[in-house]
Amino acid sequence: MKNSLNRKYEWIIPLPNYIVGAIWIVFGLVYLFKDSFMPYHAITLSSSWEDLNHAFQTLILALMRAAGGGFFLAGSMIIILQTIYNRTKTKWIPTLILLIGVIIVSTTVYATLIVRLNTNANPPTLSSVGALIGLISGYLMNKYYKNGNNQESPNR
């Protein structure tokens, strides 16, 4: 009974990692293709996009592209690694997924806290913390499933 119940709800196990990965891909794409800064950037600078000189606009867009590429890559890698883990149950993959997430979240929280503590802007710090909670949940669910599923993969 327990094994059939586990199999019935197996699709829930990777859901937190897939959700975080998809959100980061979307966020990355927004930062990669947006042609001006975000609303909290305007508050941070106390200036509109149009009021900035071309060189400053170029610098901000370059930084946004770098951040966007990082989020796109991290989100893509989490989804790819989770998919591989679902098939192979390779034991180091959940740890790698969590490590990728911790690196992105810690650098993002650091950057947004600098802005939050030194300006009137309200960057998305809490969404990064939410992503970390999602990734920790995904890690624990992957570990639970691994322990609950007594089938051993040859590469475990």
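Each value in this text was obtained by applying a stated rule to the coordinates, not by laboratory testing. Keep in mind that what you see is a predicted model, and the values were worked out from it rather than measured. Glycine also receives a Cβ, built like all others from the backbone with ideal geometry; neighbour counts cover every protein chain displayed.
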Could you work out how much longer the chain between residue 34 and residue 73 gets when fully extended? Use 0.36 nm per residue separation minus the Cα distance between them, nm to one decimal.
12.3 nm
How many angstrom separate the Cα center of the stretch 96-117 from the Cα center of the stretch 16-94?
12
Going out from 0 in 10 Å bins, what whole percent of all Cα-Cα distances in the stretch 2-148 drops into each bin?
11, 36, 27, 15, 8, 2, 0
Computed FRET value (nearest 0.05) for residue 136 with residue 48, which takes r as the C-beta separation and R₀ as 35 Å:
0.35
Measure nothing fancy, just the Cα-based angle from helix 93-118's long axis to the longest principal axis of the chain, in degrees from 0 to 90, nearest 10.
20
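Based on the Cβ-Cβ distance from residue 58 to residue 113, what FRET efficiency comes out when R0 is 25 Å, to the nearest 0.05?
The pair residue 58/residue 113 has a calculated efficiency of 0.45.
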Round to the nearest 10 and give me the degree value, 0 to 90, for the angle of helix 54-88's Cα axis relative to the longest principal axis of the chain.
0
Angle, helix 125-148 long axis vs. longest principal axis of the chain, Cα atoms, 0 to 90°, nearest 10?
10
Arrange 9, 85 by Cβ neighbour counts within 10 Å, fewest through most, would you?
9, 85
Cα lying deepest toward the dipole's positive end in the stretch 2-148, options 85, 134, 21, charges on Cβ:
85
For a test of understanding, tell me how many lysine pairs in the chain have Cα atoms under 18 Å apart, given they are 8 or more places apart or on different chains.
9
Ranked on Cβ counts within 10 Å of their own Cβ, fewest leading, 95, 90 go 95, 90
Could you identify which residue out of 53, 17, 122 has the top mean-square fluctuation in a GNM of the chain using Cα springs shorter than 10 Å?
53
